[in-house]
Amino acid sequence: MEYLQLFDNNKNQIAGGKIARDHKLEVIPGERFMIVLIFIENKDHKFLIQKTPINKDGKFASTGGHVSFGDSSLKTILKETREELGIELTSGDVKFIDSVSTSKAFCDIYYTDKEMHRGDMTLQKSEVENVYWYSEAEIRNLIAHNEFRKRNIGPFEKVIAWRKENTPLLQKNMI
């Protein structure tokens, strides 16, 4: 049985706090679990988006997962990128963007522009059917057609806003 780390409303790990990972993930008031997402952007300003297998909902999504008991969000995003894509990232390769919350969970959002190519990836077929490089407009089209995982939309918007604020002036003119 896999267990997830529990956090309080201030995003502090609860000592010894864990919840069995099942399909419901019911938490009591004042406790939340955590998920992490990473948005990977290439030099052509396209994001690596994965198509999930039909048994996982068959939607498009960003790479991510649940934070296991005893783990941090950073450790988890590095692990999920390695497991789902076969890509080794280091803490220096990723940038923490923001955290969003719901009544049950926190979602830590990460970003990297480390160059990677499809040929270098080994996909975890139980989690990832295929991957694609999509522009912001193409992802917005997936969202409009309900093909993008709903819990990834808010984090995607946070990354787009952050990227526009943090893109050097010369590059902004090219986007």
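For the chain, state the semi-axes of the equivalent ellipsoid (square roots of 5 times the eigenvalues of the alpha-carbon gyration tensor), sorted largest first and rounded to whole angstrom.
That gives 27, 18, 16 Å for the three semi-axes.
Could you work out the helix-only [θ] at 222 nm for the chain, with each DSSP H run of four or more residues adding -39,500 (n - 2.57) and the total divided by the number of residues, to the nearest 500 deg cm²/dmol?
-6500 deg cm²/dmol
I need the Kirkwood Rh of region 18-87: take the reciprocal of the average 1/r across all distinct C-alpha pairs and report it in angstrom.
13.8
Please report, largest first and rounded to whole Å, the three semi-axes of the ellipsoid equivalent to region 83-175, where each semi-axis is the square root of five times an eigenvalue of the C-alpha gyration tensor.
21, 19, 17
So how strong a dipole does the chain carry about its Cα centre when Lys and Arg Cβ are +1 and Asp and Glu Cβ are -1, to the nearest 20 debye?
The calculation lands at about 260 debye.
Looking at region 1-39, which trypsin sites (Lys or Arg not before Pro) are in a loop (DSSP not H, G, I, E or B) and have at most 16 other Cβ atoms within 10 Å?
Passing sites in region 1-39 are Lys11, Arg21, Lys24.
Express as a percent, rounded to the nearest 5, the fraction of DSSP beta bridges in the chain (both residues included) that run antiparallel.
Antiparallel: roughly 75 percent of the beta bridges in the chain.
Please identify the DSSP H helices in the chain that span no less than 15 Å along the helix axis (Cα) and have a mean Kyte-Doolittle hydropathy of -1.0 or more.
Counting only whole DSSP H runs, the qualifying helices are 73-85, 153-166.
Read the figures in this text as sums done on the coordinates, not as results from a lab. This one's a predicted model, so the numbers in the text were calculated from it and none came from an experiment. Heads up, the Cβs are rebuilt from the backbone with ideal geometry, glycines too, and the neighbour counts pull from every protein chain shown.
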